[in-house]
Amino acid sequence: MQMNRRFFLHKGSLAVAGTTAIPSFLVRSVMAEAAGKPGQRLVVVFQRGAADGLNIVVPYREKNYYAMRPSIAIPQEQVLDLDGFFGLHPSLGAFKPLYEQGQMAIVHAAGSPDATRSHFDAQDYMESGTPGVKSTQDGWLNRALQAEDAHRRCAQTCEQQTAFRALALGSEVPLTLSGKIPAIALSNVNGFTVAGRGAAPSPAASAFETMYADSGDRIFRAAGDETFDAVKMLRAANPAQYTPGAGVNYPASEFGNNMKQIAQLLKANLGVEAAFTDVSGWDTHQNQGGANGQLANRLSDFSASIAAFWRDMGDEAENVTLVTMSEFGRTARENGTGGTDHGHANAMFVLGGKVKGGKVYGRWPGLDNDQLNEGRDLVLTTDFRQVLGEVVSQTLGAQNLETVFPEARLAPNRFLKLI
Amino acid sequence: MESLRRPLAAILCLLLCSPASLGYTQQVPSPTEPAAAHKKARPAYSSKQLRGDQRILQALNRFTFGPRPGDVEAVRAEGLEKWFEAQLHPESMDETDLNARLADFPEMQWSTEDLLYRLPSNAEIRQAMTTGRVPIPTDGTLHAIYENQIYRLEAKKAEKAAGGAENGAKANDVQGKEAAGKDAGGTMQLASDGSMVRVDAQGNVVTGTGAADSANAMGADSSPTAMSTAGSMETSAGQTAGAQTAFDATAIAAVLALGPEQRVERLAAMQPEEFEGFIKSLRPVERVQLNVGLSPGLRLTVRALENPERLVAEDLIAERLTRDIYSNAQLDEVMTDFWLNHFNVYLRKNEQMPYYLVSYARDTIRPRALGKFEDLLDAVAQSPAMLAYLDNAQSVGPHSLAAERAERVAVRRPEAKKKVHEGLNENYARELMELHTLGVNGGYTQADVTEVARVLTGWGIDRPLVAGSFNFNPNRHEPGTKKVLGKKIKENGEMEGRELLHMLASSPATARFICGELAVRFVADDPPPELVDRMAKSYMSSGGDIAAVLRTLFRSPEFWSEANYRAKVKTPLEFVVSAVRASNASVRNVLPLANQLRQMGMPVYGSVPPTGYDWKASTWVSTGALVDRMNFALALAANRLPGVVATWAEVPDLAGAPADTSATPESEEARLEAVLIPGGVSETTRSAALQQFAAQTRQDAGLAQPVAARRRNRAGNATAVERQDQVLAGLLIGSPEFQRR
């Protein structure tokens, strides 16, 4: 598989390399061929630090919600009502139209069934897709791409498999995307070039390429191969030409920028199938605020960035699905310092052209004192793998869910049917 | 004593060194693969042991931030054992060179209280503006520092109020460049205003003209560009916000013509808007001239007049990198880095954090980096940095006097909208056990976390905005007996916490957890369990003595196993610092290095979660990472990082002979390879570098003075040989071999 991908890419890049005289439309068509037919794309957003789902999708009819959160609850009159029971945090205004137009679905009381309250274990479990199993070395999204290959029986011939197939915006490949399928991490599209940005690779870049390609160091040889493939493709595709659509304003934040660059790379037709980015700042132990304040600020950046991405994708949004998750929720009760501590179940957003949105999915377990998990947090009623399993089978075409989520025993007839 | 130690060391070495083949060659063993190591059967450590200079390199690569030219010879002469013992005694090191460099950061020696008073944070300034709880000093220069900040923050506020809607549109123009920075509004923005430009003892400008220039040099692909973008946005916004006095060339020249002291006095005497106008009117070259002849103290004043909080954060980072690069007590620095990561604190948690971190690194961590773990744990638990970072300073016992008082207030004045938060916060309690001591599988429960939080109530910070020292407040302490890990802790105020920390520090789970982390840092991503066991035993029998544990590590065959030679992939910090050390570069401005680390995903004091950074290869080997490393290597070698100068022609080869101008490409390569990668590189790397070297030579022969090369080179007058050396050195630093240690 690796061999074929590399063989193809070398062919592809040869066709493009050293052809500065070739008109750009021709180069574009070569690249378009390289990228294959426009397929379904999946974008995954991880909220690191455990976002407070109860203040994000607020169960504003729950009396106990207000009793347990005297200083941080969102007042009924301020929530953006969704269905008469749940309401969005007022800073999620950018999500409201997406929900109303039926493109955004919400799953509440969802998350990882493992009971850990450690950020780091919980993130690993969620990213590996194997709660409770520490030894898993790869991520669910990587395995979903493997399952897609298996399903399409194209492991030997899949021409859409480019260096950009699995993409992380950031300086490292997250566990979610790690595995057999090569994944690429980059934090700055414009800076992704070795030794200058000329039309052709510089001599130093060529020397590095040889050095790494023939190295006896397997780890660096593989990383070098992928690096130079990607640099060449990016040089040819020139994603910088894709500027946000008219009237699309991304927040000037790191997350806003990441979403903007994902849109750029998707539009540049580089063969991106799965993209990942994360956003931190959710660990609100102290002074998290209510309708305004710390969490509110995170949420406006979060929703404005995602909504801008959605608008920016324009017609192509039809083939895009975006899903958000966070390692666990936070305590139902506010703590002694105007914040919340580590909890359990949380809310997930699913946004997409094919999503049956405008609905809050999942069974609501209630918030009375005797309904809480360990007497302190929201009970989990939907395993996050149920949601992701449906998403990857409906979008990427990963049919063997046992590969993607081993031992989760996902059955399509138990899916929430949100796509 | 000395004479006795040497034969002893030799005997020890004889015992440890394998009796295998005497025919040691320069051949590089094929690198092992940490990521895949767990799948393979473990090698038998008794058989394949490192020998000769490879042992020296192994020690230098693991216990230092990488060898400098000449280090291998020095250790060979001193003897490995003796060198290591000396490293365990940092107090005996000669640090004349380092201390001279640290003199650039005089405020790094101040107490937290002094720092807060003389270089006020934005939070203090806001208090001074609103509540008056922070008084404004009346003394001349200090008064000006405060007034200037009040002016700056007010202008910022006015600008925010006026231009909030505009921001979104502006962001699009930036085209993703600021994404390189984790928090573009943070520390390194200063790099763009040229204030970090330094001047050498003779008053010559050594750093060029700051980030604007570095941006040109690096192309639009590097973080200095990102910083300058963010900075210029702020500058233009600032200009529109306040109506500052514009200065014409004559007025500027008049200020610049003053003697050092008078110049700074003049700046301090300016009204805030006048000062702002003056600074904004300076061209980059004038910006540099402003600092000419100023002592470190006067330079500090100029920067403080502008933005004291930024200066504290910058110097905090610059001081740490300076130590990493130049300290002779390298093991002490490596261990300081290790503990700062183990007990991670994030620089931007709040506006006081840069101030707390100065004392945290200097007074809490470094003096105990090679001491007893329990002392370190105690000191960290009482450090304002950790107390603020993991929120313990906010935690109040639910049945404490303070909570009861808050309750009474709430009952008496139910209309009071702003509820006083008086209750438990379990953030520190959890991470104390999960990350600092027992490890996540250390056998504690959620109930233990809550009990530990109760034990530690009252541990807080005395007047966070102005004093910033530890304080135990009995009024906030939860009364009653607590039960942690099945053990009762009787009500005893602050001493309960002491008892708890002692219990945690002396737990076998902690010994294993700490030793496992050390083994990952020093030996392999997947360290042999036998080694960790041996270290943990040493920890327990020595009462958690870190030096004793490191000695055990040093004497373990696993450390000297060929399988673990070059087995570790350098983290970005290790890569950047080792590259600077290997190239023997003179660093007058550390901030471009800090910018590189941020670009590579490892900003100094920049880990948001309490885990700190990972030491394993899988985190740091990726496509984007390699691009950054190669570009950094080329930029460093070609002196394109402002304030960082490497002189390749002057680097002597191992025989001590100066560079030969009639050198052949092969001899140049051999000379630079010996200096930069004393363990040697593969034939592939060597020939790829030489091929490029030849191409460069042909290019230079064809053009009398290649325009591109001249423009790219800061010095502007690099000879053809120097340019070739630069390319060669850049390729070697960017090679696969240099990515490992």
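Every number in this text was worked out from the coordinates using simple rules, so none of it is lab data. Source: prediction; values computed, not measured. Neighbour counts run over all protein chains shown; Cβ positions are idealised from the backbone, glycine included.
Points worth noting:
- Considering segment A:349-403 at the alpha-carbon level, its Rg and Dmax are found to be 14.7, 42 Å.
- Listed by Cβ neighbour count within 10 Å, with the fewest neighbours leading, B:Glu85, A:Glu402, B:Glu107 appear as A:Glu402, B:Glu85, B:Glu107.
- Extending 7 Å from Cα along the Cβ direction at B:Ile150 and again at B:Asp248 yields two label points whose distance is 3.2 nm.
- Averaging 1/r over each pair of different alpha-carbon atoms in segment A:285-419 and inverting the result gives 17.0 Å, the Kirkwood hydrodynamic radius.
- When each of A:Ile419, A:Ile72 is scored by the number of other beta-carbon atoms lying within 10 Å, the sequence from fewest to most is A:Ile419, A:Ile72.
- The mean sequence distance of close C-alpha pairs (under 8 Å, at least 6 residues apart), as a share of the length of segment A:58-216, puts its relative contact order at 13 percent.
- Radius of gyration, Dmax [chain A; alpha carbons; angstrom]: 22.0, 73
- Paired Rg and Dmax values of segment A:229-344, which use every Cα atom, in angstrom: 17.4, 56
- When A:Thr403, B:Thr112 are arranged by Cβ crowding within 10 Å, least crowded first, meaning fewest neighbours, the order is A:Thr403, B:Thr112.
- As a size descriptor, the averaged projected area of the C-alpha convex hull of segment A:372-419 was calculated at 3.9 nm².
- Segment A:260-278 and segment B:615-652 have Cα centres lying 28 Å from one another.
- Based on the reciprocal of the average 1/r between different C-alpha atoms, the Kirkwood radius for segment B:426-486 equals 12.6 Å.
- The mean number of partner chain beta-carbon atoms within 10 angstrom of a residue's beta-carbon across peptide A:129-140 is 1.
- Full-extension gain in nm, B:Ala162 to B:Arg463, via 0.36 nm per residue minus C-alpha separation: 104.9 nm
- When the Cα atoms of segment A:162-235 are aligned to their principal axes, the ranges along those axes come out at 35, 31, 19 Å in descending order.
- The angle between the Cα long axis of helix A:254-267 and the longest principal axis of the Cα atoms of chain A comes to about 50 degrees, rounded to the nearest 10.
- For segment B:488-557 and segment A:164-208, distance of Cα centres in Å: 39 Å
- Among A:Arg311, A:Arg48, A:Arg61, residue whose mean-square fluctuation peaks in a GNM of chain A (springs only between Cα atoms under 10 Å): A:Arg61
- Convex hull volume per residue in cubic angstrom - Cα atoms of segment A:318-377: 107 Å³
- Rg ratio (alpha-carbon, reference 2.2 N^0.38 Å) - segment B:517-598: 1.39
- Over segment B:292-378, equivalent-ellipsoid semi-axes from the Cα gyration tensor in Å: 27, 17, 10
- Taking a sphere under 13 Å around the Cβ of B:Asn99 and counting the other residues whose Cβ falls inside, with K and R at +1 and D and E at -1, yields a net charge of -3.
- With kT/(6 pi eta Rh) evaluated at 20 °C and eta = 1.002 mPa s, and Rh the Kirkwood radius from Cα pairs, segment B:61-122 diffuses with a coefficient of 145 µm²/s according to Stokes-Einstein.
- Taking 0.36 nm per residue of separation and subtracting the current Cα-Cα distance, fully stretching the chain between B:Glu265 and B:Asn350 would add 27.4 nm.
- Average projected area [Cα convex hull, segment B:93-137], square nanometres: 4.1 nm²
- Summary of packing: across the peptides B:621-633, B:683-695, B:555-567, the per-residue average of other C-beta atoms within 10 Å ranks them, highest first, as B:621-633, B:555-567, B:683-695.
- Backbone amide hydrogens, once placed in the peptide plane, bring A:Ala168 within less than 5 Å of A:Ile184, A:Ala185, A:Leu186, A:Phe276, excluding anything fewer than 5 places away on its chain.
- For residues of A:335-346, the mean tally of beta carbons on other chains within 10 Å: 6
- 3J(HN,Hα) along segment B:106-121: x, 6, 5, 9, 6, 6, 4, 4, 4, 4, 5, 6, 8, 10, x, 7 Hz, from the Karplus curve 6.51 cos²θ - 1.76 cosθ + 1.60 with θ = phi - 60°, whole Hz, x for Gly and Pro.
- Euclidean distance between Cα centres, segment B:256-292 to segment B:95-151, Å: 19 Å
- In chain A, the longest principal axis of the Cα atoms and the axis of helix A:2-16 are about 60 degrees apart.
- Percent RCO, i.e. relative contact order, over chain A, from Cα pairs under 8 Å lying at least 6 residues apart: 30 percent
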